[in-house]
Amino acid sequence: MAASGKATVVLKAVKKIAIQFCPFESNVRSTREFLTMVGSEKARATNMNCEVISMVKHDKSEPLVDITYLDGDRLLLKGAKLTGGEMLNAFQSVCAAKDLQAKVAAKK
């Protein structure tokens, strides 16, 4: 969870984040860490219109993070195979690319 202290999560390009996990499985730590990072007040303040939905299930399902961006693109992260830092890095790299695209489009 060390990544959360250093990284600032910006939800400006995000429409919705749906996180689902079974809390009784052993592979949910990274997904729960990601939920903590994107669900913090500081992160939520970067986009008040972004929905962060957590679905806690008891069906031994795989932990998933489904991110929908404002332009309709989606990113699906499978938490069982990734660390919290890897999930955050993938999320932030796509967000940075979306911000760059928006800036380029605004200049035209």
* Asked: Do the conditions hold for Ala18, that is, is it over 17 Å from Glu86 (Cα atoms), at pLDDT 95 or above and touching a strand residue (DSSP E or B) at 6+ places or on another chain (Cβ under 9 Å)?
  -> yes
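Yes/no per residue for (1) buried (at least 16 other Cβ atoms within 10 Å of the Cβ); (2) out of contact with any His (no Cβ under 6 Å at 6 or more places or on another chain); (3) aliphatic (A, V, I, L, M):
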position	(1), (2), (3)
Phe34	yes, yes, no
Glu51	no, yes, no
Asp71	no, yes, no
Leu77	yes, yes, yes
Glu86	no, yes, no
Ala102	no, yes, yes
* Quick check: anything in segment 54-65 outside any strand (DSSP E or B), in contact with a Ser or Thr (Cβ under 8 Å, 6 or more places away or on another chain) and surrounded by 15 or more Cβ atoms within 10 Å (Cβ to Cβ)? -> yes
* Asked: Taking segment 9-32 as the region of interest, how many residues are assigned to a loop (DSSP other than H, G, I, E, B), over 16 Å from Lys78 (Cβ atoms) and open to solvent by less than 90 Å² (accessible area, probe 1.4 Å)?
  -> 5
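The values are calculated or read from the model by the stated rules, or taken from the named source; none is laboratory data. In this text, all values refer to a predicted model and were calculated from it rather than measured experimentally. Glycine gets a Cβ as well: all are built from the backbone with ideal geometry, and neighbour counts include every protein chain shown. Please note that ligands, DNA and RNA were not included when accessible areas were found on the heavy atoms of the full protein model with its side chains. Shrake-Rupley method; radii C 1.70, N 1.55, O 1.52, S 1.80 Å.
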